[in-house]
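One structure below.
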Amino acid sequence: MNEKCLVDLKINEVAKIKQINIKDEKVKTQLKNLGFIIGEKIKLLKYNYNKEGFLVKVMNVNYAVDRKICEGIIVCE
Amino acid sequence: MNNKKIILVGNPNTGKSTLFNTLTGSNEKVSNWHGVTVGVKSKKVELFNEIFEVVDTPGIYSFLAYSNEEKITLDYLNKNKDCLIVNVCDANNLKRNLILTLELLKNGFDVILAVNMHREIDGIDYGLLANELNIKVVKIDSRKIKDCLNLIKEFQNIHNQKTQKISKTNKKQVNNINNNEIFAKISKNKENDAYLKNDKIDKIVLNKFIFILLFLSSIFLIFYITFGPIGTLISSIINNIFNKIIDNLRKIILCTNISYIIKMLIIDGVFVAIQSVVSFIPQIVLLMFFISVLEDIGFMSRVAFMFDGILKKVGLSGKSLFSLMMGYGCTTSAILTTRNLENVSLRKRTVLLLPFISCSAKLPIFLVISSLFFDKYKYLFVFGLYIFSILISVIFLIIYKKLVPSQNENFILEMPKYRKVNFKKVVKDSFVVVKEFLIKVGTLILFFSVIVWLFQNISTNFKFLNGGNFERSILYFVCEKIKFIFKPLGFESVGIIVSLFLGVIAKEMVVVGLAMMNGVSGDLSLLSSSLLDSSSLCCFSKTSAIVFLIFILLYSPCISAIFTVKNELGKKTAFYVFISQFLIAYVVSFLVYRMLLSFDFIFILLLFLFLDIFIILMLRLKKNKTCWGNCNECRRI
């Protein structure tokens, strides 16, 4: 299975969340609450100016997530 | 079971507060921006001949609370375990909302599911959903009283039944299922994506070039309407109406038998202060109206998303950008718009930055003084002042970020769907802000304006000057005594200090103060020539004019802004803003004055340009490393 970071997805590419490498438990809980769960599909819709923020779709809801968090989300095809 | 409490619980931005307002007739703040409700609010209301206590809670996603607001809701729920909970869900995000519904049932709560915004999405079998969870599911539009009353009827029906058996059945049933399975059963369309239409709009709106165009256009439009001809027209209509009322009151007061000093205090002190407060109202209403409209349609979230990365480099967030832009119009109004920033630390940093942003009231001062020595290039000079203030503010933010480390603000923002504007709600919200401003800030401005009037019109031996020799007033005496503080900046005349003092009351008073000191009326050419005359109370050399402008650019904002900061963030922050702005203005003005005495003005301009380029390069180089695709080596937070 081809693993990569969420930031490496192409626009409109869909993948499944494989791992969430985030030390901050608060952020991890927040992500879980929003539907960023292992096995859930995630789609990259857009990124902002200077690629510091990513617009993603999870559980049919769109979220703006900053790069720092996205680098901790590992996805697979 | 407590049969009179209706506790509204649900994910953020599902319409709980709208439902609360509809049921109770309140004006609680509602927004198309999650995180707006920050505490539990309750109100008693009579419905169907019964008294209900409707309770609105901050949004929660699940029982794993990560924010203070969520903890507030969970604590409240734990104290009211025997109440029937109204779980408000957004039909567009049902899959995610069901996580909380299942957790409420698993934790033994009795739940009635209110599915809001159900008309925006098709293909959900709510009957099947009710069977799966064995609870009542009610479709509502939280803005419509008919739907809300229907919900209350269902609520009453459930209360009339015996509920113990139902609770136990629910717990057994729900322990073995999850939201994905339920949603897969109840959703008739495989790709039931409520955001599909939304995504098509975002594809256009969030295009890099189209977005910047839309953003700049919206800023320009807001400015043009609020501070341009339309805003000025509305202001002048309101001011004319108010002036007519004041004129009539003036005539009445002059005819009374009260002492002359009291009459002048009321006419020249109180009425003028009230006029200055009223002059803010059209700006605040228009500004809050437009901010609410942009918020309501969902554009503000997109602005926050697109600019977040750029602003993060200086310790701010994309969410701050609108408030900063509004600061170019009016600092007071811009401070009020920071209420949208739910993170207190970010809000504080945005508010601390706003005084560096030159409000429109300073523009006349810049134009009058710069025309004395740079008449041909005065617009370029004024533009340079604005750029200089941005430079100083960036340096301030960088230093502040190092001295006061912020909480780790990870940017995760739910992107709301584009919605039609609810104009009734938006207009109501704008007037609520004005009412608060008048009560909390207006009264303080009135008080201080009266004090300043007294200082201007009472002599040092406590006699009323009656428009006479201003040099005998307490204000002049005090400014003469403190003149030595400003001598290192090259401010030799007392008149300059008096005008700076008046500028703290309102920046518009600076030019008025200079004219008053030199005994000239509003004629600008007369004022300009008097400011160059060394025999006038206020006169400028080229050096002192530049230093004066820099001081005006950076020093403390007007008292209405200070009191608005006090109202929004507390006395300590307001005091800090006042003192720190004065000190920064003093230090920078001192450095500029010393440089002007030693070097040529052109050299200083080049130095300033070099500093700008250096800071831009420094911020550009401060980039996060890209992920190289080797996921085992990705940085962990």
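Readers should treat all values here as calculations from the given coordinates under stated rules, not as data from a laboratory. None of these values were measured; they are calculated from a predicted model. Neighbour counts run over all protein chains shown; Cβ positions are idealised from the backbone, glycine included.
Label sites at residue B:153 and residue B:130, each approximated as a point 7 angstrom past Cα along Cα to Cβ, lie 1.3 nm apart.
Antiparallel beta bridges, as assigned by DSSP with both residues in chain B, represent about 35 percent of the total such bridges. Need one number: % antiparallel among DSSP beta bridges in the protein assembly as shown, to the nearest 5. Close to 65 percent.
Neighbour counts of C-beta atoms inside 10 Å place B:241, B:267, B:496, B:6 in the sequence B:241, B:267, B:6, B:496, starting with the fewest. For region A:3-76, the tally of Lys pairs with Cα-Cα distances below 12 Å comes to 13, considering only residues 8 or more apart or on different chains. In terms of its C-alpha gyration tensor, chain A has a rounded overall shape, because the principal axis ratio a/c (a ≥ b ≥ c, square roots of the eigenvalues) stays below 1.5.
Ordered by the number of other Cβ atoms lying within 10 Å of each residue's own Cβ, fewest first, B:159, B:118 fall into the sequence B:159, B:118. Placing pseudo-labels 7 Å out from each Cα toward the beta carbon at residue A:2 and residue B:386 gives an inter-label distance of 4.8 nm. Partner aspartates and glutamates whose Cα lies under 17 Å from the Cα of residue B:319, excluding those fewer than 8 positions away in the same chain, are identified as A:52, A:66, B:295, B:296, B:308, B:342, B:409, B:414. Ignoring lysines fewer than eight residues from residue B:378 along the same chain, the ones with Cα atoms less than 25 angstrom from its Cα are B:362, B:507, B:542.
Counting only residues at least eight positions apart within a chain, or on another chain, the lysines with an alpha carbon under 16 Å from that of residue B:251 are B:263.
Working from Cα pairs under 8 Å separated by at least six residues, relative contact order for region A:3-76 is 43 percent.
Legend: ranking of residues B:362, B:106 from fewest to most surrounding C-beta atoms inside 10 Å; resulting order B:106, B:362. Using a simple spin-label model with pseudo-atoms 7 Å out from Cα toward Cβ, residue B:106 and residue B:345 lie 3.1 nm apart.
Residues of region B:266-295 falling in the label zone of residue B:225, defined by backbone nitrogen less than 19 Å from a point 7 Å along Cα to beta-carbon, are B:280-295. Globularity index of the protein assembly as shown is 1.11 (Cα radius of gyration / 2.2 N^0.38 Å, N = number of residues). Think of each Lys and Arg Cβ as +1 and each Asp and Glu Cβ as -1; about the Cα centre, that makes the dipole of chain B roughly 1160 debye.
Treating only the Cβ atoms of Lys and Arg (+1) and Asp and Glu (-1) as charged, compute the dipole magnitude of the protein assembly as shown about its Cα centre; round to the nearest 20 debye. Show your work: numbers first, answer last.
Working: 89 positive and 55 negative charges, 269 e Å.
Roughly 1300 debye for the protein assembly as shown.
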